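Visitor: There's a structure below that I have some questions on.
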Amino acid sequence: MKPAYPDHSAPADADTRRAIAPVICYPPETLPIPDLAACRDARDGWTRVAEVLVPARDARCFEVPAGHFFRIRSVEGPQVGDLNLWNAVNLAERFYSGKTRALHGTHLSTGDRMWTSHPYLRPMATITDDTLDWYGFDAFGGSVHDVIGTRCDPYTHNLLSHGGQYHHCCHSNLTRALADARGLSLAEAESHVHDVLNVFMCTGFTRDTGQYFMKASPVRPGDYLEFFAEIDLLGGLSACPGGDCSAEHSSDTATCHPLLVEVFRPKAPPAGWVSPPVNGYDRSHGR
Ligand SMILES: [Zn+2]
């Protein structure tokens, strides 16, 4: 946050410096482009092979084999979800929120991909449908499905509430769910929990002070976000204690609802699709 009264006065050419036009860091056309049409065609005649109901203020894990699809669906009422994704056979390879943000922007929608951590850095999931794609950016600069937030967590809550202990933040929900899914201790599982895709959450940065904000999610029952699994995935989804995130999180105050995860097996993989290999950098780092 920038101070209202900075310590340093502006130089004579301040306006000239500010007027320099920005350059997009990572033009999307330089990335490998997913074949969205082939992915969507592959949905014809697919079979729903699994569903997991994530209870309110809790989390569950789910498996999605490479070449399958999954949907996160709003049921019962407006609710946001915090999504973690791991390589199902190597938890060290996990969703990299920061690089995904750099590549695709602050909020994800159809055609964007979720990328994995170093040294793997490859697409792990491609978004193939988003019933909230109509929302765009509102007048506050808010949009849906962000990769700018982290995940609500009990450590930040402890700081902000001067010692509070709250156990149903998404961080803890995901920790318990992963521990149960993989037979890990809570401490082991916690080290694998990472920054999330904030599914259905409506967020942005205030234009004047650059502060992270949230507002009531536009999601309604029946809305969904659909993904194509590029590699074998283990997912973790928390139905955030913030509910629709219209007021607060990290408490039992907000009205919360479950979220539904559905996994679909296509008759055949998308035409021409191959599961992406790990990143091609040779890792010699100049030596
Ligand atoms: Zn949360």
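The values are calculated or read from the model by the stated rules, or taken from the named source; none is laboratory data. For clarity, every value in this text was computed on a predicted model and none was experimentally measured. Using ideal geometry, Cβ is built from the backbone for each residue, glycine included, and neighbour counts are taken over all protein chains shown.
Residue-wise test of (1) at pLDDT 95 or above; (2) crowded, with 18+ Cβ neighbours inside 10 Å; (3) within 16 Å of the ligand (Cβ to nearest atom).
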position: 64; (1), (2), (3): yes, yes, no
position: 69; (1), (2), (3): yes, yes, no
position: 72; (1), (2), (3): yes, yes, yes
position: 80; (1), (2), (3): yes, yes, yes
position: 86; (1), (2), (3): yes, yes, no
position: 89; (1), (2), (3): yes, no, no
position: 93; (1), (2), (3): yes, yes, no
position: 97; (1), (2), (3): yes, yes, yes
position: 100; (1), (2), (3): yes, yes, no
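Visitor: Restricting to region 236-287, and then to whatever is under 26 Å from residue 76 (Cβ atoms) and polar (S, T, N, Q), can you tell me which residue is modelled with the highest pLDDT?
Guide: Top of the filtered list is 238.
Visitor: I'm trying to understand the selection: among the residues of region 57-91, which are over 23 Å from residue 248 (Cβ atoms) and not hydrophobic (A, V, I, L, M, F, W, C)?
Guide: 60, 63, 65, 67, 68, 71, 73, 87, 90
Visitor: Can you pull out the residues in region 251-262 that are over 13 Å from residue 80 (Cβ atoms) and either within 12 Å of the ligand (Cβ to nearest atom) or part of a strand (DSSP E or B) (or both)?
Guide: 251, 260, 261, 262
Visitor: Note down all Cβ pairs under 9 Å where the first residue falls in region 229-246 and is touching a residue at least 40 places away in the same chain (Cβ under 8 Å) and assigned to a strand (DSSP E or B), the second is of a type in the set (Asp, Glu) and near the ligand (Cβ under 9 Å from one of its atoms), and they're at least six residues apart or on different chains.
Guide: 236/82; 237/82; 238/82; 239/82
Visitor: Which of the residues spanning region 173-206 are surrounded by fewer than 20 Cβ atoms within 10 Å (Cβ to Cβ) and closer than 21 Å to residue 135 by Cα?
Guide: Scanning region 173-206 gives 205, 206.
Visitor: Quick check, is residue 286 farther than 15 Å from residue 49 by Cα, exposed (fewer than 12 other Cβ atoms within 10 Å of the Cβ) and in contact with an Asp or Glu (Cβ under 7 Å, 6 or more places away or on another chain)?
Guide: No, not satisfied.
Visitor: Counting only residues that are within 16 Å of the ligand (Cβ to nearest atom) and in a strand (DSSP E or B), which one in region 207-224 is surrounded by the most Cβ atoms within 10 Å (Cβ to Cβ)?
Guide: Within region 207-224, the subset within 16 Å of the ligand (Cβ to nearest atom) is 212-217, 219.
Now drop any that are not in a strand (DSSP E or B), which leaves 212-215.
Working: 212: 12, 213: 14, 214: 21, 215: 16.
So, considering only residues that are within 16 Å of the ligand (Cβ to nearest atom) and in a strand (DSSP E or B), the one surrounded by the most Cβ atoms within 10 Å (Cβ to Cβ) is 214.
Visitor: Right, next: Which of the residues that make up region 139-186 are touching a residue at least 60 places away in the same chain (Cβ under 8 Å) and away from the ligand (no atom under 16 Å from the Cβ)?
Guide: Once the filter is applied, which keeps residues that are touching a residue at least 60 places away in the same chain (Cβ under 8 Å) and away from the ligand (no atom under 16 Å from the Cβ), region 139-186 yields 140, 141, 142, 143, 180, 181, 182.
Visitor: Also, I was wondering about something else. Give just the number: which of (1) crowded, with 21+ Cβ neighbours inside 10 Å; (2) under 23 Å from residue 129 (Cα atoms); (3) in contact with a His (Cβ under 9 Å, 6 or more places away or on another chain) does residue 242 not satisfy?
Guide: So residue 242 meets the others, but not (2).
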